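This report concerns only the one structure given below.
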Amino acid sequence: MTGAVAELAALIAQARSLVCFTGAGISTESGIPDFRSPGTGLWTKMKPIPFDEFVASAEVRQASWRRRFESGPVIERAAPNVGHEVIAHWVAEGRCRAVITQNVDGLHQRAGVPDDRVIELHGNATFARCLACHRRYELADLEAQYRGTGQVADCANCHGIIKSATISFGQPMPEDEMRRADAVTRAADLFLVAGSSLSVYPAAALPELAQAQGARLAIVNREPTHLDSMADCVVHGELGTTLSLVKRPS
Ligand code: NAD
């Protein structure tokens, strides 16, 4: 182990209150494309649908369901990779207090991180909810309905709009998750960014908050981020390889 990876290993070894902040980059090794990687990122192929457009137009909503069901079960088929497993190990040994994730794939929980240690800032794409009464809907049921009728109907309970349980661009952030993320960030002694371009706010403000409160800041990302110059340690590399190298035995 050399250079920045060795520095990261030393920071992790000293940490008593590690907070991991993950983005789409930790799940690319599970086969889920991120948004902004050059060439493979989804952004260039499939622009996200903003919340106000989804709410305003039944046509846009059906187009969004078509996109969801015609692109195949990418998230459902994915399995946690070594990066998720190393983070789950740090949580299990008590070193990592919380995982704040921008991801919507549920892979941290499937790697073994308890639900109450994962803070999902952008929701979860593996189920849906009514925007009005918040009734939960399973995607398999909605897909069967879509394949049978060519559309997803409004909520059976209150006629509200049903939407994947993610936070879309322009949708208000979930208050409870933001409050919890703020609290664990302020209590961190090491804040580790893993696989995020740090370009989606307000989530991307958390690393700076952590550092302002006295935490060390470490970043592992394939490409540079705008916070690299202020971080205590930066590793430009693959997450699976990097986190495997720095994982400490129990
Ligand atoms: P992003 O796409 O903006 O950035 C991902 C970063 O990860 C890139 O800078 C890339 O260089 C890096 N990266 C990709 N694979 C890597 C690897 N194997 N090792 C190290 N680095 C790697 O992602 P973001 O910052 O999370 O913001 C995008 C938004 O899109 C998030 O809000 C998230 O909700 C959503 N999203 C989620 C998923 C998911 O749940 N898996 C997938 C795509 C997008």
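The values are calculated or read from the model by the stated rules, or taken from the named source; none is laboratory data. Just so it is clear, the structure is predicted and the values come from calculations on it, not from any experiment. A quick note on method: Cβ atoms are made from the backbone with ideal geometry, for glycine too, and the neighbour counts reach across all protein chains shown. Accessible surface areas use protein heavy atoms only, side chains included; no ligands, DNA or RNA. Shrake-Rupley method; radii C 1.70, N 1.55, O 1.52, S 1.80 Å.
Note on the stretch 197-240: residues that are assigned to a helix (DSSP H, G or I) and either more than 17 Å from Ile26 (Cβ to Cβ) or at pLDDT below 95 (or both) amount to 11. Checked against the criterion of being open to solvent by less than 10 Å² (accessible area, probe 1.4 Å), within 24 Å of His84 (Cα to Cα) and at pLDDT 95 or above, the stretch 174-185 contains one or more residues that satisfy it.
Of all residues in the stretch 152-195, exactly one satisfies the criterion of being in a strand (DSSP E or B) and of a type in the set (Phe, Trp, Tyr), namely Phe191.
Name the single residue, out of those in the stretch 134-151 being in contact with a Lys or Arg (Cβ under 9 Å, 6 or more places away or on another chain) and in a helix (DSSP H, G or I), that is most open to solvent (accessible area, probe 1.4 Å). The selected residue is Glu143.
Any residue in the stretch 110-120 that is within 16 Å of the ligand (Cβ to nearest atom) and either of a type in the set (S, T, N, Q) or more than 25 Å from Lys247 (Cβ to Cβ) (or both)? For the stretch 110-120, residues within 16 Å of the ligand (Cβ to nearest atom) and either of a type in the set (S, T, N, Q) or more than 25 Å from Lys247 (Cβ to Cβ) (or both): absent. Can you find, within the stretch 202-250, the residue that is nearest to the chain's Cα centre (by Cα) among those that are over 17 Å from Trp90 (Cβ atoms), more than 8 Å from the ligand (Cβ to nearest atom) and small (Gly, Ala, Ser)? So, considering only residues that are over 17 Å from Trp90 (Cβ atoms), more than 8 Å from the ligand (Cβ to nearest atom) and small (Gly, Ala, Ser), the one nearest to the chain's Cα centre (by Cα) is Ala205.
Restricted to helices (runs of 4 or more DSSP H) entirely inside the stretch 20-97, no element has at least 1 residues that are at positive phi.
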